[in-house]
Amino acid sequence: MKAVSLSAVIGLTVVFLCLTVDAFSAGQISVSAVVSRGSIPFEGIDTLTVSLNWVGEPFQYVIDSFPMPAMEKFKILGSSSATSTVPTAGGEETHRTFIYVLSPVDYGTGVIAPLNLTAKNRTTGEMTELNTGRITIEIAKPLPVSKNKIPSFVIILGAISAVIIMAAIAGFLVLRSKKRPAEVAAPQLRYIDALDAIKKETISDRKLFYSRLYRLLLQFIEKERGLAVSGKTGEEVIGIVASLSSENERSSFTAWLQKALEEKYLPDMPSSGEVENSYNAVRKFFESMSR
């Protein structure tokens with residue numbers, strides 16, 4: 001009787017795992033939340049990492065409003081976010097992470113309440129409710145403050161060290177200001193490096209080349225031209241690009257974006273000559289910006 005029950009449990013587990021893998025490979029989104037340490041000293045810090053993962057492009061899902069984590073016995077010192085993609089056999093997998101640096105305000109058991117999120121699939125319009133689990137972190141009692149007086153020679157050494165450090169910083173700033181004209185082109189050079197990497201990494205998948213080229217163009221338009229294009233549809237982006245002050249940039253970006261959108265969704269693979277032409281045109285533009 002026990003053997004039959006165990007077989008049934010194993011069978012149900014295998015079916016559940018298969019359904020989970022199929023659902024994720026179909027493009028569904030998942031969320032997870034972890035902390036770097038389960039117990040910390042009162043004087044220490046911890047990090048909370050919330051990860052969103054899905055199979056598809058970065059713009060496939062939109063989170064209407066990302067809530068700040070609610071917590072007990074902690075405060076947030078700072079936060080950051082990042083989005084990355086990994087090429088897969090069927091296209092690409094997107095990973096979006098939110099990182100929070102936490103500092104204790106009391107000792108005992110700290111609590112991070114579950115996060116409740118709503119993600120919208122831009123293609124189907126489907127809304128997905130996402131929830132993380134409750135997390136607890138043990139916080140040790142504060143260390144006793146020493147009442148011993150600091151020796152005077154330590155104070156003198158500290159003052160001398162501060163003067164030396166300030167002089168070194170001043171010298172560094174002077175040297176940096178002298179070198180600044182040669183460093184003006186650095187942002188544009190980063191785009192050239194990114195474009196070269198895209199071409200190298202997508203040599204066997206020319207459709208993926210246009211998908212990543214599209215995202216690089218959006219990044220340049222938003223960061224270097226100050227136009228809000230993140231999260232917009234292709235039509236909306238092209239409409240926004242029409243507001244660029246340079247006629248040459250308006251026509252060039254419109255043509256490149258339309259080409260990238262067309263090649264991404266056409267059933268046939270673009271030719272290597274088309275990829276080469278697009279690469280050369282965009283690279284020439286970035287090179288001209290660096291001069």
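What's the exposure ranking of 205, 196, 46, going from fewest to most Cβ atoms within 10 Å?
Ascending number of Cβ neighbours within 10 Å: 196, 205, 46.
Just to check I understand the Karplus step: with θ = phi - 60° and J = 6.51 cos²θ - 1.76 cosθ + 1.60, what whole-Hz values come out for the stretch 232-243, glycine and proline as x?
8, 6, x, 4, 5, 4, 5, x, 5, 4, 5, 8
Can you give the percent of C-alpha pairs in the stretch 186-289 whose distance is more than 16 Å?
Within the stretch 186-289, distances greater than 16 Å cover 55 percent of Cα pairs.
Hey, how many Å between the Cα centroid of the stretch 45-81 and the Cα centroid of the stretch 244-274?
Using only Cα atoms, the two centres lie 33 Å from each other.
Could you work out how much longer the chain between residue 223 and residue 272 gets when fully extended? Use 0.36 nm per residue separation minus the Cα distance between them, nm to one decimal.
So the extension gain works out to 14.7 nm.
Can you pull the one-decimal nm distance between simple spin-label points at residue 250 and residue 155, each 7 Å off the Cα toward Cβ?
Going from the residue 250 label point to the residue 155 one covers 6.8 nm.
Using a ≥ b ≥ c from the Cα gyration tensor of the stretch 229-291 (square roots of the eigenvalues), is it rounded, prolate or oblate, where a/c under 1.5 gives rounded and otherwise the larger of a/b and b/c decides, a/b for prolate?
oblate
Go through 207/232; 120/264; 223/284; 75/232 and tell me which ones have a Cα-Cα distance over 29 Å in this structure.
Correct reply: 75/232.
How much net charge surrounds residue 225 when only the other residues with a Cβ under 15 Å from the Cβ of residue 225 are counted, with Lys and Arg +1 and Asp and Glu -1?
Net local charge, residue 225 excluded: -1.
Expected output is a single nm value to one decimal: the length gained when fully extending between residue 80 and residue 32, i.e. 0.36 nm times separation in residues minus the C-alpha distance. What is it?
Between residue 80 and residue 32, full extension yields an extra 15.6 nm.
Add +1 for every Lys or Arg and -1 for every Asp or Glu among the other residues with Cβ under 12 Å from the Cβ of residue 31, and state the total.
After counting each charged neighbour, the total is 0.
Here, each number is a calculation from the coordinates, and none is a lab measurement. Computed from a predicted structure; not experimentally measured. Positions of Cβ are backbone-derived with ideal geometry, glycine not excepted, and every protein chain shown enters the neighbour counts.
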